[in-house]
Amino acid sequence: MALLSLTAALAACSENAPPEPDAAALAYQKQLQEQLIRAQPGDVITIPAGVHPINRGLSLTVSGVTLRGEGMDKSVLSFKGQLQGAEGLLVNASDFTIEDLGIEDTPGDGLKINEGRNIVIRRVRTEWTNGPDEDNGAYGIYPVQVENLLLEESVAIGASDAGLYVGQSRNVVVRNNRAERNVAGIEIENTFDADVYGNLASGNTGGILVFNMPDLPQPGHSTRVYKNRVIGNNTDNFGAAGTPVASVPAGSGIVINSNDRVEIFDNDIADNDTANIIISSYFATGYQGTREMAADYDPYPETIYVYGNRFSGGGSSPDGLDLKALKVAMFGLNGSFPDVLWDGYANPDKVDADGNLLAEHAICIDNGDAEVLNADLPNGSDNIVVGAKQHRCVHDKLPAVVLAAPLQ
Amino acid sequence: MCARQVAGRGAGGAIAISMRISLACKLLLLSFLCGCESAPPEVRLFPADQPPAMLSEWGVVFARDDHLALNTDVIPYELNAPLFSDYALKLRTVWLPAGSAAIFAADRELEFPVGTIISKTFHYRKASDWRSDFNSVDYAAQEEAANSVPPLDLSRHVLLETRLLVRYAEGWQAFPYVWNAAQSDATLEIAGDLKQLSLHKDGETQLVNYVVPDVNQCGGCHTPDHSAGDLRPLGPKAWQLNRRFAWWPDEANQLQHWSRHGILQDAPDLPPTELDSVQARARAYLDANCAHCHNPAGAADTSALHLNIGAPLDRNFGLCKTPVAVGRGSGDLNYDIYPGRPDESIMVFRMRHSDPAIAMPELGRGIVHTEGVALVGGWIAAMDGEC
């Protein structure tokens with residue numbers, strides 16, 4: 001009898017237990033953890049080719065370390081079945097380089113770098129291998145509060161928030177990456193002095209986002225988005241409500257929200273079904289609530305400069321009933337929104353007698369025959385205006401971001 | 001040395017008595033009391049880069065005669081608001097080099113001298129079907145543990161891990177030791193460990209993937225100033241220690257005993273910490289469980305959510321605060337704390353989940369702390385206001 005109940009208890013236990021990684025995988029995991037813990041400045045930690053199952057969060061806190069695989073599709077850390085850790089690899093260190101590595105299927109974020117200077121992320125792939133899914137982790141590659149960052153030639157697929165996300169950082173170059181089938185392909189948030197160029201953002205809900213959120217230590221400004229391809233970002237929004245990206249309609253090419261001094265030029269922007277470019281304020285996200293906004297937060301997008309982009313298609317099938325109805329009412333069943341949508345919110349302290357933004361704060365669209373739809377949300381869309389002449393202006397161009405030594 | 005003996009109230013026979021007298025006295029007494037054991041090693045400090053493989057070599061806590069015992073002048077302590085760690089019970093101790101003392105600090109941890117060793121041993125009460133290869137354990141309330149005193153009876157408790165924090169001239173270092181199946185000693189595991197438990201509580205059985213943190217993860221919590229990056233103890237703050245503990249013979253609180261005992265300097269005579277309202281208990285809980293990251297200098301300052309006990313109760317405490325990089329942790333909700341509506345508060349949602357993508361805190365909790373959810377949820381439910 002005692003033996004029977006014992007066997008039953010064991011059986012019950014094993015049914016509840018998650019699959020056990022095999023001994024070799026556990027041994028490699030432990031080895032890698034120990035390499036990360038014992039690392040000294042100047043060390044290069046190599047990750048051999050192969051798929052390495054990892055069931056705990058990894059972390060690095062030593063500066064001056066390089067983590068290098070044999071290729072983003074060859075050396076893969078697979079976090080499927082991860083039991084603990086809000087990210088796959090968490091780094092709090094400076095002078096850090098990570099390259100030629102794949103990070104797959106983390107329950108939370110893939111690679112998070114929280115505070116550090118002189119960070120290089122090169123040819124790293126973060127992917128949720130099941131494709132877009134609300135249960136995927138939030139961020140693929142997620143540097144936050146870093147200074148002097150080069151993020152290049154990397155790939156992010158399937159993140160339920162942003163594939164490539166740079167937050168609260170300064171002096172940033174994001175170039176020649178590929179972001180596909182994330183909610184946000186590339187997101188630059190509360191960051192200043194960022195150049196985003198040479199990237200491909202396609203099949204996301206929104207292609208490239210430049211956002212400012214309230215209540216954070218650092219407001220963002222001065223981002224250049226150029227020479228990117230932003231194509232067909234029409235995937236249904238699969239992010240959790242309440243997140244900043246949940247307000248992004250499917251079919252958004254480039255979205256500027258509440259950010260200032262943003263320059264968008266020389267991009268190929270095509271077939272984003274809500275609009276190729278959306279310029280909006282925090283008020284349009286629906287999160288404001290009834291409480292007063294933080295006094296130092298500027299919810300208005302200002303000093304925006306769009307020029308020299310190549311637009312095609314887009315705006316033909318906007319996401320959301322309001323936008324759909326608006327589109328049909330104004331442009332007919334087969335018509336399309338113009339290339340740029342603006343919600344119409346302008347800081348009342350920065351407008352002239354006619355309600356137009358003063359020149360230095362203006363939203364300037366100098367892009368051939370591209371037009372702007374001002375949705376006039378502040379007045380319940382009573383006076384929707386379509387055209388280009390109200391936005392025909394120029395700003396001084398932003399200087400290029402210069403990465404500081406040792407990343408030059 | 002006898003002058004520095006600790007006069008605790010005994011509960012455990014000869015071992016317990018021997019624990020509370022200094023080594024010199026004990027050497028004399030041992031032959032009378034048991035006559036069968038060699039004396040425990042003295043507490044010994046090792047260089048930061050040469051920690052011993054076995055916990056017993058430190059001589060702080062060790063298994064002996066089916067008990068986990070403390071060495072001479074190793075002082076156990078309790079906190080007012082402990083961190084939740086999957087219902088593990090914790091035996092906390094501190095040892096200071098002879099003749100040295102910690103210095104009182106009002107709003108951060110006490111300033112401990114070089115050579116201080118803090119230990120925390122995580123253990124559970126064995127269930128009736130516990131075996132060395134089947135960690136079946138019973139829930140026991142933390143308060144109950146707080147009223148029990150070392151040495152710990154190993155016929156009734158299973159030891160999982162002992163973490164040491166050691167103060168060197170360059171700063172604190174963390175060393176995680178994992179207890180062996182025989183419960184005779186613990187081995188240094190800088191990569192931590194994962195143990196599966198079957199936890200019986202309220203008539204239900206939960207599988208717990210109990211994680212021993214790796215050394216870097218120790219810093220995931222013990223680095224309350226994330227930019228500075230230095231490890232610090234989290235528990236031994238004045239408000240946390242300011243309570244009585246059954247190990248001491250009278251009603252005086254721990255701070256008073258530490259002062260009398262000569263290991264604490266400059267402590268004012270404080271009335272005991274009163275956590276006599278739901279709000280006080282909830283804020284103490286949030287401080288202990290969240291504020292090591294969620295403070296204005298912490299790793300989670302990226303979220304601008306500050307839950308330290310001195311933080312103002314405003315938007316940055318979560319009131320009607322929209323999330324930033326929350327991902328699936330939002331639970332489709334808009335506000336961290338929605339006054340009066342715990343079910344619409346992200347804070348409560350994240351406490352109710354154990355999925356690593358959602359759960360808060362991120363480290364050290366694999367299952368839901370029902371009582372913590374009830375406390376924080378109840379506090380939010382009683383709030384007035386709208387978002």
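The values are calculated or read from the model by the stated rules, or taken from the named source; none is laboratory data. Computed from a predicted model, the values in this text were never measured in an experiment. Cβ sites come from the backbone with ideal geometry, for glycine too, and all protein chains shown count toward neighbours. Heads up: the accessible areas ignore ligands, DNA and RNA and are worked out on the full protein's heavy atoms, side chains in. Shrake-Rupley method; radii C 1.70, N 1.55, O 1.52, S 1.80 Å.
Wholly within region B:116-227, which strands (runs of 3 or more DSSP E) include no fewer than the required count, namely at least 2 residues that are in the same structural domain as B:Ile103 (by TED's automatic domain parsing) and of a type in the set (Phe, Trp, Tyr)?
Hits in region B:116-227: B:117-126, B:171-179.
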Report task. Among the residues of region A:285-304, count how many are open to solvent by 10 Å² or more (accessible area, probe 1.4 Å) and more than 18 Å from B:Tyr335 (Cβ to Cβ). Result -> 5
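Give the residues of region A:94-107 that are open to solvent by less than 10 Å² (accessible area, probe 1.4 Å) and either part of a strand (DSSP E or B) or at pLDDT below 95 (or both), sorted by residue number. So that I can check it myself, show each step before the final result.
Of region A:94-107, the ones open to solvent by less than 10 Å² (accessible area, probe 1.4 Å) are A:96, A:98, A:101-103, A:106.
Across region A:94-107, the qualifying residues are A:Phe96, A:Ile98, A:Leu101, A:Gly102, A:Ile103.
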Query - Identity of the residue in region B:248-272, closer than 15 Å to B:Pro76 by Cβ and in contact with a Lys or Arg (Cβ under 7 Å, 6 or more places away or on another chain), that ends up modelled with the lowest pLDDT - result: B:Pro249
Report summary line: B:His222: passes all of (1) more than 11 Å from chain A (Cβ to nearest Cβ); (2) more than 29 Å from B:Leu110 (Cα to Cα) but (2)
Report summary line: For region B:345-356, the count of residues that are more than 7 Å from chain A (Cβ to nearest Cβ) and either out of contact with any Ser or Thr (no Cβ under 9 Å at 6 or more places or on another chain) or among the basic types (Lys, Arg) (or both) equals 8
Report summary line: For region B:341-354 the number of residues that are of a type outside the set (A, V, I, L, M, F, W, C) and over 23 Å from the mean Cα position of the chain (by Cα) is 5
**Report entry** In region B:295-317, the residues that are at the interface with another protein chain (Cβ under 8 Å from one of its Cβ atoms) and either within 21 Å of the chain's Cα centre (by Cα) or among the hydrophobic types (A, V, I, L, M, F, W, C) (or both)
**Finding:** B:Ala299, B:Ala304
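May I ask you to say which residue of B:Ala145, B:Ala140 is out of contact with any Gly (no Cβ under 8 Å at 6 or more places or on another chain) and open to solvent by less than 10 Å² (accessible area, probe 1.4 Å)?
Matching residue, one of B:Ala145, B:Ala140: B:Ala140.
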Requested in this report: Just need a number here: residues in region A:358-369 that are touching an Asp or Glu at 6+ places or on another chain (Cβ under 7 Å) and open to solvent by less than 60 Å² (accessible area, probe 1.4 Å).
Outcome: 1
Query raised in the report: Within region B:148-169, how many residues are farther than 27 Å from B:Ala101 by Cβ and open to solvent by 40 Å² or more (accessible area, probe 1.4 Å)?
Result: 4
Report summary line: From the option list B:Pro361, B:Pro342, B:Pro323, single residue qualifying as open to solvent by less than 40 Å² (accessible area, probe 1.4 Å), within 27 Å of A:Phe238 (Cα to Cα) and away from chain A (no Cβ under 12 Å) is B:Pro342
Requested in this report: For region A:245-255, state whether one or more residues are in contact with a Gly (Cβ under 9 Å, 6 or more places away or on another chain), within 14 Å of another protein chain (Cβ to nearest Cβ) and among the hydroxyl-bearing types (Ser, Thr, Tyr).
Outcome: yes
Query raised in the report: Can you name the number of the only condition in (1) out of contact with any Phe, Trp or Tyr (no Cβ under 6 Å at 6 or more places or on another chain); (2) open to solvent by less than 20 Å² (accessible area, probe 1.4 Å); (3) facing chain A (nearest Cβ under 10 Å) that B:Gly385 fails?
Result: (2)
Report summary line: Flagged in region B:194-203 as modelled with pLDDT of 95 or more and open to solvent by 40 Å² or more (accessible area, probe 1.4 Å), in numbering order, are B:His200
Query raised in the report: Given (1) buried (at least 24 other Cβ atoms within 10 Å of the Cβ); (2) within 26 Å of A:Thr129 (Cα to Cα); (3) aliphatic (A, V, I, L, M), where does A:Leu200 come up short, assuming only one miss?
Result: (1)
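Residues of region A:169-218 being acidic (Asp, Glu) and in a strand (DSSP E or B), which ones? Don't jump to the end; show me each part of the working.
Residues of region A:169-218 that are acidic (Asp, Glu), as a first pass: A:180, A:187, A:189, A:193, A:195, A:215.
The answer is A:Glu180, A:Glu187, A:Glu189, A:Asp193, A:Asp195.
Can you name the residue in region A:48-83 that is assigned to a loop (DSSP other than H, G, I, E, B) and among the hydroxyl-bearing types (Ser, Thr, Tyr) and is also nearest to the other protein chains (Cβ to nearest Cβ) among such residues? Reasoning before the result, please.
Of region A:48-83, the ones assigned to a loop (DSSP other than H, G, I, E, B) are A:48-49, A:54-55, A:61-65, A:69-74, A:79-83.
Next cut, among the hydroxyl-bearing types (Ser, Thr, Tyr) only: A:61, A:63.
On the way: A:Thr61: 5, A:Ser63: 9 Å.
It comes out as A:Thr61.
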Query raised in the report: Scanning for something surrounded by fewer than 22 Cβ atoms within 10 Å (Cβ to Cβ), of a type in the set (D, E, K, R) and in a loop (DSSP other than H, G, I, E, B), does region A:119-134 turn up at least one residue?
Result: yes
Report summary line: A careful count of residues in region B:345-357 that are modelled with pLDDT under 95 and open to solvent by less than 20 Å² (accessible area, probe 1.4 Å) gives 1
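Right, A:Leu373: open to solvent by less than 30 Å² (accessible area, probe 1.4 Å) and part of a strand (DSSP E or B) or not?
Numbers: open to solvent by less than 30 Å² (accessible area, probe 1.4 Å): yes; part of a strand (DSSP E or B): yes.
Yes, satisfied.
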Report summary line: Only one of (1) modelled with pLDDT under 95; (2) touching a strand residue (DSSP E or B) at 6+ places or on another chain (Cβ under 8 Å); (3) more than 15 Å from B:Lys201 (Cα to Cα) does not apply to B:Pro113, and that is (1)
